[in-house]
Amino acid sequence: MSHLLPLSRVAKLVAQPRHTLQEMIRNGTLATFDGMVELDELLRAFPEVKWDDDAEFRRVTEIKDKAFAKRVLERALPDKDVLVARLNELGDDYAAAKSLLLHYGNVMAWLDEKIDELAENASDETYHALHSVRAFLLRNLAEMPQGAALAQAVIAQERMLKLMSAHVTIQPSGHEFFVDGNDTLLEAALRNGVSLNYGCSNGNCGDCKARLLSGEVKKVHAHDYVLKQAEKDAGVILLCSYAPVNDVVIEANVAGARDIPVQHLTARVKSVEVFNPQIASLHIQTPRSQRLRFLGGQSIQLAVGGAHGRYAIASCPCEDRHIEVQIPHRAGDAFAEAVFTMLKANDAVEVEGPYGEFVLDEDSPRPVIFLAFGVGFAPIKSLIQHAMSLELVESMDLHWLDHETGHYQDNLCRAWADALDNFSYVPHAQSDDLDRVLTSIVTDYPDLHRFDVYAAGTAVQLSLAREHFMRHGLPEIRWFESSTST
Ligand code: FES
């Protein structure tokens with residue numbers, strides 16, 4: 001009997017991103033069956049994985065968690081009702097396997113008797129044939145087949161993963177993610193950068209309604225919003241109140257930049273991180289009851305006292321209530337002045353947004369070049385972290401061209417390059433000859449027509465870069481840009 005595993009779970013088991021496995025499928029080094037990987041094929045394709053030792057798996061996961069600034073407390077246990085349901089399911093699997101074994105034992109006992117019965121009056125030749133069949137069967141049943149211990153270890157790891165997390169597929173977009181720990185479907189989707197519709201996030205508004213197409217869910221938070229009987233019959237659930245018991249398929253809309261309404265809220269300062277006299281990061285936290293919906297690469301309007309300004313968000317929508325905004329220290333910018341000289345932890349900041357359509361094209365499977373000019377790094381950072389959490393992009397190359405502020409988050413970019421096989425980072429020193437720098441970048445890509453390019457910088461920098469990339473074969477519609485004022 002074959003044991004099939006979904007691709008996303010295989011990615012977790014072998015601690016590789018999904019796009020690496022998709023690349024293996026494309027080049028024929030990993031065979032799949034209806035999008036699933038057979039256990040023997042998994043063992044063949046990854047002979048070097050130590051299945052009975054998850055130390056390496058944990059090490060890689062920890063490096064990635066740090067590089068992506070993800071919460072580590074995701075290792076929490078699932079909600080107790082969900083855990084009980086998953087244990088029951090595991091118990092059912094075990095009971096089914098045990099009863100199948102009993103059945104095979106009974107068949108063997110019957111065969112044994114039958115062979116004795118047939119052998120009684122058989123010719124010498126038939127007698128010997130029957131006894132060698134029996135000897136063959138007994139010998140093979142007594143011996144552990146080659147590779148069985150390995151298969152057992154993989155199945156044990158997979159069962160453990162299934163106990164701790166459930167796999168979710170969103171239709172029709174095809175987004176996939178895991179629900180870990182005691183997260184609801186909505187929390188897990190946001191943590192994985194999937195922008196599903198929601199409002200209050202606590203069961204009051206009904207904006208997070210979605211339809212369960214397959215699998216089983218459990219209500220883990222009570223909700224005041226009342227679902228009609230017809231909705232319940234059609235499988236409608238509230239994503240903010242339910243968690244999956246097993247692997248589920250959900251029908252829900254994934255929002256684009258134009259679908260997300262402008263929101264107003266008061267956030268609190270967590271910290272101000274001054275990189276150098278020209279640039280600082282402002283870290284703010286939204287209220288528990290009112291998170292900010294946005295997509296990587298968008299901007300927000302911030303105000304404190306009478307000072308205000310619009311800035312690119314530099315963090316990922318997957319970071320829960322935390323938002324990072326990078327503030328250049330421009331002359332005459334009262335808000336920047338407040339950040340550099342006055343703001344402290346717990347101060348209130350008014351937030352309005354999100355704005356802008358500089359977001360990832362999530363339908364594009366193409367490799368990506370990110371081009372950041374100076375403080376244009378902020379929206380690019382947000383896009384990169386969003387792309388990492390979605391795990392959709394085949395490969396990402398970041399070119400950061402210094403422009404007065406220095407490569408103020410150089411270590412972070414190097415950490416990403418260390419943690420990810422599909423990420424490369426090239427810092428470019430400040431130069432008076434931008435033309436020469438851009439020429440050196442584009443000539444490194446003889447196949448530029450295959451790429452998507454996301455660029456952020458001043459209007460002059462973008463215009464020059466755009467010209468270079470188009471001239472070297474980048475299709476015009478694969479160029480995405482965001483203009484900064486310095
Ligand atoms: S987000 Fe309001 S009910 Fe779920």
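At 0.36 nm per residue, and after removing the present C-alpha to C-alpha distance, how many nm does the segment from M108 to A459 gain when stretched out fully? It would help to have the intermediate numbers written out before the result.
Numbers: separation 351, 0.36 × 351 = 126.36 nm, distance 7.88 nm.
Roughly 118.5 nm would be gained on extension.
Could you give the size of the charge dipole of the stretch 331-486 about its Cα centre, using +1 on the Cβ of each K and R and -1 on the Cβ of each D and E, expressed in debye and rounded to the nearest 20?
200
Would you mind telling me the share, in percent, of accessible area of the stretch 368-483 contributed by carbon and sulfur at probe 1.4 angstrom? Don't jump to the answer; show the numbers that get you there.
Working: 2150 of 4490 Å².
The value for the stretch 368-483 is 48 percent carbon and sulfur by accessible area.
If you average 1/r across every pair of different Cα atoms in the chain and take the reciprocal, what Kirkwood value do you get, in Å?
Working: mean 1/r = 0.0390 Å⁻¹.
One decimal place: 25.7 Å for the Kirkwood radius.
Report the rotationally averaged projected area of the stretch 353-458 based on its alpha-carbon convex hull, in square nanometres.
Taking the Cα atoms of the stretch 353-458, their convex hull projects to 7.2 nm² on average.
Report, to the nearest 10°, how far helix 80-120 tilts away from the longest principal axis of the Cα atoms in the chain, using its own Cα long axis and a range of 0 to 90°.
Orientation of helix 80-120: about 30 degrees from the principal axis.
Kindly provide the Kirkwood hydrodynamic radius of the stretch 198-308 in Å, to one decimal, from all pairs of distinct alpha carbon atoms. Walk me through the numbers before you get to the answer.
Values: mean 1/r = 0.0590 Å⁻¹.
Computed over the stretch 198-308, the radius equals 17.0 Å.
For the chain, give the share of DSSP beta bridges that are antiparallel, in percent and rounded to the nearest 5; count only bridges with both residues there.
Details: 50 of 76 bridges.
Approximately 65 percent, going by the DSSP bridge assignments.
Note down the nm distance, to one decimal, between modelled labels 7 Å out along Cα→Cβ at R414 and at A156.
Here the modelled spin labels are 4.0 nm apart.
Find how much the distance from D361 to D444 grows on full extension, using 0.36 nm per residue of separation minus their present alpha carbon separation; answer in nm with one decimal.
The span from D361 to D444 would gain 27.5 nm if fully extended.
If I stretch the segment between D432 and S173 completely, what's the gain in nm (0.36 nm per residue apart, minus their alpha carbon distance), one decimal? Walk me through the intermediate numbers first.
Working: separation 259, 0.36 × 259 = 93.24 nm, distance 4.47 nm.
Working it through step by step, the gained length comes to 88.8 nm.
With +1 on the Cβ of every Lys and Arg and -1 on the Cβ of every Asp and Glu, and nothing else charged, how large is the dipole of the chain about its Cα centre, in debye rounded to the nearest 20?
Numbers: 46 positive and 69 negative charges, 294 e Å.
The calculated dipole for the chain is roughly 1420 debye.
Would you compute, for the Cα atoms of the stretch 80-160, the largest minus smallest coordinate along each principal axis and list the three values in descending order, in whole Å?
So the three principal-axis extents are 64, 24, 10 Å.
Taking a probe of 1.4 Å, how large is the accessible area per residue of the chain, in Å²? List each step's numbers first, then the result.
Values: 23890 Å² over 486 residues.
Using a 1.4 Å probe on heavy atoms only, each residue of the chain averages 49 Å².
Given V325, V220, M396, which one lies farthest toward the positive end of the charge dipole of the chain, if we put +1 on the Cβ of every Lys and Arg and -1 on the Cβ of every Asp and Glu?
V325
Binning at 10 angstrom from zero up to the longest distance, how are the C-alpha pair distances of the stretch 258-355 distributed in percent?
Calculated over all Cα pairs of the stretch 258-355, the distribution is 17, 55, 26, 3 percent.
Can you give the net charge of the other residues whose Cβ lies under 15 Å from the Cβ of I477, counting K and R as +1 and D and E as -1? Intermediate results must be reported in sequence, preceding the final value.
Details: positive: R366, R450, R466, R478; negative: E357, D361, D363, D452, E476, E481.
Summing Lys and Arg as +1 and Asp and Glu as -1 gives -2.
Okay, helix-only estimate at 222 nm for the chain: each DSSP H run of n ≥ 4 adds -39500 (n - 2.57), divide by all residues, round to 500 deg cm²/dmol; what do you get? Please list the in-between numbers first.
Numbers: 14 runs with 179 residues, N = 486.
The helix contribution divided over the chain gives -11500 deg cm²/dmol.
When the accessible area of the stretch 80-160 is split by element with a 1.4 Å probe, what percent falls to carbon and sulfur?
Details: 3810 of 6140 Å².
Carbon and sulfur: 62 percent of the exposed surface of the stretch 80-160.
In what order, largest first, do R414, R291 sit by accessible area if the probe radius is 1.4 Å? List each step's numbers first, then the result.
Details: R414 110, R291 55 Å².
The ordering from most to least exposed comes out as R414, R291.
Please give the solvent-accessible surface of E120 in Å², to the nearest 10, using a probe radius of 1.4 Å with every protein chain present.
For E120, solvent-accessible area is about 150 Å².
How much solvent-accessible surface does E216 expose, in Å² to the nearest 10, with a 1.4 Å probe and all protein chains in place?
90
Once Lys and Arg get +1 and Asp and Glu get -1 on their Cβ, which of S195, N346, I279 lies farthest toward the positive end of the dipole of the chain?
Towards the positive end, the residue furthest out is N346.
To test your reading of the geometry: what angle, between 0 and 90 degrees and rounded to tens, separates the Cα axis of helix 148-164 from the longest principal axis of the chain?
Orientation of helix 148-164: about 50 degrees from the principal axis.
Helix 55-67 against the longest principal axis of the chain: what's the angle in degrees, Cα atoms only, rounded to the nearest 10?
Taking the Cα atoms of the chain, the angle to 55-67 is about 20 degrees.
Given the stretch 130-221, what whole percent of its Cα pairs are spread farther than 18 Å?
Details: 2601 of 4186 pairs.
Value for the stretch 130-221: 62 percent of Cα pairs lie more than 18 Å apart.
Heavy atoms of the protein only, probe of 1.4 Å, neighbouring chains included. What is the accessible area of L111 in Å², nearest 10?
Its heavy atoms expose roughly 60 Å² to the probe.
The values are calculated or read from the model by the stated rules, or taken from the named source; none is laboratory data. Remember, predicted model here, so these are calculated numbers, not experimental data. Because the Cβ atoms are built from the backbone with ideal geometry, glycine has one as well, and the counts that use them run over all protein chains shown. Note: accessible area is taken over every heavy atom of the protein model, side chains too, but ligands, DNA and RNA are not part of it. Shrake-Rupley method; radii C 1.70, N 1.55, O 1.52, S 1.80 Å.
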